[in-house]
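A short worksheet on the structure shown next.
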Amino acid sequence: MSGSTHGSVMASGVRTVAQARGPALAARRRVQRRWLARFARRYPLGAMAGLAILGLMVLAGLANHLAPYDPLANDFGAMFAAPGARHWFGTDVFGRDVLSRILYGARTALLVGFGASLVGATMGGIVGVAAAYFGGTTDLIIQRLADIMISFPIIILALAIVAILGSGTFNLIAAIALSFVPRIELVVRASALSVRETTYVEAARAIGARHWRIVWRHMVPNVTAPYLVMLTVFLGQAILLEASLSFLGLGVNEPTPAWGLMLSGAAIEFVQRAPWMAVFPGLAITCTVLAFNVLGDSLRDALDPRLRI
Amino acid sequence: MTASVIEAERARLGLNKPIWRQFVDWMGGLPRFDLGTSMWTAAPIAKEIALRFQLSLQLAIMSTLIAVTLALPLGIAAAVRRGTWVDHLVQILSVAGLATPSFWLGILLLLFLLSNFHWLPPLTFTPLWVDPKANLLQLIWPALAVGYRYSAVTTRMTRSAMLEVLQEDYVRTAWAKGVAQRVIVIRHALRNAMLPVVTVIGLEFAFLIGGLVVTEQVFNLNGIGKLFVDAIARRDYTMIQGLLLLVATVYIVVNFLIELLYVWLDPRVSYG
């Protein structure tokens, strides 16, 4: 908040700080809304994907109202029930309703997806900007560490971290987030390096601005584009990774409903007898990841077309 | 179990030595390709890995062949016919390929094979030179499941690299002087677009050695990925160490080969 606004508040005496901020906030909202409208016009597919993701979030949020059955309730009278009026997507080996488990599984997928990619992208972003800004030895050390981490396939890295931390939802988020950090760091660093050489950063340094001010006010806002794009792309990746690790039994633990978990074990063993057990959770994963990828592609084209990912 | 038994076991596995000492011992074995012995099976790690490496390498090569034969023509066609239905179709195929988990695709393939041919993945692996037909029949399905995703990544890269090169001045010049389309696309454009494509192919290949943890599980294959998951589940630390070393080595070797390919593809690149 600048000094002059503060002064006017003091002078009028009645307007609060929040009210003084109102018009500026409304203007920013307007700009954001106009940007969204233009995005939707230019990238209809991306906008549709965004809507689909919002829809999925609503479905997951209202899972406890929408799910026809308790996702954990066994019903041994209705084992392997085929999809029909009572169970739209059929039931599994314990007679649990597949549709209900998919709806609750969406919570797990979105929690892990958003949690891991937000944490991973933010950590990667901070490290990337710091590496680019400070340069020299700091940069060198960070880059060599990133090189080491990147030389393992992402799933192996996540597996190794899960092996150290143990399975469970929160350890899974940590493992996926950590394995994202070096990959996002590389991209953000590359963008931040060019920002560092701009005249406005030089000017800020010349007038004696502190490091954190330069980084926070001048560099961070200019790397939000790659940050946002990487965030969306890695959201889909995180959901895929969660499914893979849960499938291996090293992710989310039973009986928590998770899509990858639903595909493991009995779903393969009885794939011919009860194909719905394998088909529907897989479809849920594919559609969700598809939506995030399409949105990520459109965001990249809109925000930072030079970014190659 | 008494404390003395535990102590004896710790001494046998070498866990009673300080960490740095264990690390020095391990490093000392490396030049002799001695990765130690598994904490679970007590067999030499190098031998355990060599057994599985064969399978993983063959699967990786087959998937790469499938991916490249799909991706190059599709990517080129999409770039040359940009904005037409060909382009849209290829884009849809590759976006879908990126979103489909290959282990789920594997399960669907299994379902298809089971219901139509009553085919079940065999329990044991048949090496290529013992019975080529049985071997290929066993590996073609996982290779297809993995190859589809792989081809999606490569198609996208081929398309975007080709689009970039097709806008170059020398391509326009070639069109202007009436060079045949085939020659322009293959000689002028493709060769120059290959650098990023080769990078993607190489990195994906390196990922396939050891990265196929899940697909191997679906098809009952005893490869590097499965060894990895088992080692983690059994807390077989020496095995995990050996496998991580293998995966990182493959990655470095493949990267090195890519760099060599650059020189061959683009004579301007040189490492003096």
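The values are calculated or read from the model by the stated rules, or taken from the named source; none is laboratory data. Predicted model only: the values in this text are computed from it and were never measured. Glycine also receives a Cβ, built like all others from the backbone with ideal geometry; neighbour counts cover every protein chain displayed.
Here are some notes:
- Given (1) within 14 Å of another protein chain (Cβ to nearest Cβ); (2) under 24 Å from B:Leu227 (Cα atoms); (3) within 26 Å of the chain's Cα centre (by Cα), index of the condition B:Leu93 fails: (2)
- For A:Gly46: the one exception among (1) over 26 Å from A:Ile184 (Cα atoms); (2) touching a Ser or Thr at 6+ places or on another chain (Cβ under 6 Å): (1)
- Within segment A:285-305, one or more residues are not in a helix (DSSP H, G or I) and not polar (S, T, N, Q).
- Subset of segment B:165-219 (residues that are under 21 Å from B:Pro267 (Cα atoms) and small (Gly, Ala, Ser)): B:Ala174, B:Ala189, B:Ala193, B:Gly202
- Residue in segment A:271-292 that is farther than 30 Å from A:Leu36 by Cβ, of a type in the set (A, V, I, L, M, F, W, C) and surrounded by fewer than 18 Cβ atoms within 10 Å (Cβ to Cβ) present: no
- For segment A:236-267, the tally of residues that are surrounded by 24 or more Cβ atoms within 10 Å (Cβ to Cβ), more than 12 Å from chain B (Cβ to nearest Cβ) and under 24 Å from A:Ala67 (Cα atoms) stands at 4.
- Residues of segment B:212-256 that turn out to be assigned to a helix (DSSP H, G or I), among the small types (Gly, Ala, Ser), more than 10 Å from chain A (Cβ to nearest Cβ) and over 25 Å from B:Arg32 (Cβ atoms), as a count: 0
- Some residue of segment B:68-83 being of a type in the set (Gly, Ala, Ser) and within 23 Å of the chain's Cα centre (by Cα): yes
- Count of residues meeting criterion [out of contact with any helix residue (DSSP H, G or I) (no Cβ under 9 Å at 6 or more places or on another chain) and modelled with pLDDT of 85 or more] in segment B:209-251: 1
- Among the residues making up segment A:171-222, those that are under 30 Å from A:Val112 (Cα atoms) and polar (S, T, N, Q) are A:Asn171, A:Ser179, A:Ser191, A:Asn222.
- Going through (1) away from every other protein chain (no Cβ under 14 Å); (2) in contact with a Lys or Arg (Cβ under 6 Å, 6 or more places away or on another chain) one by one, B:Val198 falls short only on (2).
- Selection status of B:Ser56, hydroxyl-bearing (Ser, Thr, Tyr), in a helix (DSSP H, G or I) and under 13 Å from B:Ala152 (Cβ atoms): no
- Condition check for B:Ala99: under 17 Å from B:Val153 (Cβ atoms), within 14 Å of chain A (Cβ to nearest Cβ), buried (at least 16 other Cβ atoms within 10 Å of the Cβ) and under 21 Å from the mean Cα position of the chain (by Cα): yes
- Only residues that are buried (at least 20 other Cβ atoms within 10 Å of the Cβ) and either aliphatic (A, V, I, L, M) or farther than 27 Å from B:Leu74 by Cα (or both) were counted in segment B:139-152, giving 5.
- Selection within segment A:282-299 - more than 15 Å from the chain's Cα centre (by Cα), of a type outside the set (Ser, Thr, Tyr) and more than 8 Å from chain B (Cβ to nearest Cβ): A:Leu283, A:Ala284
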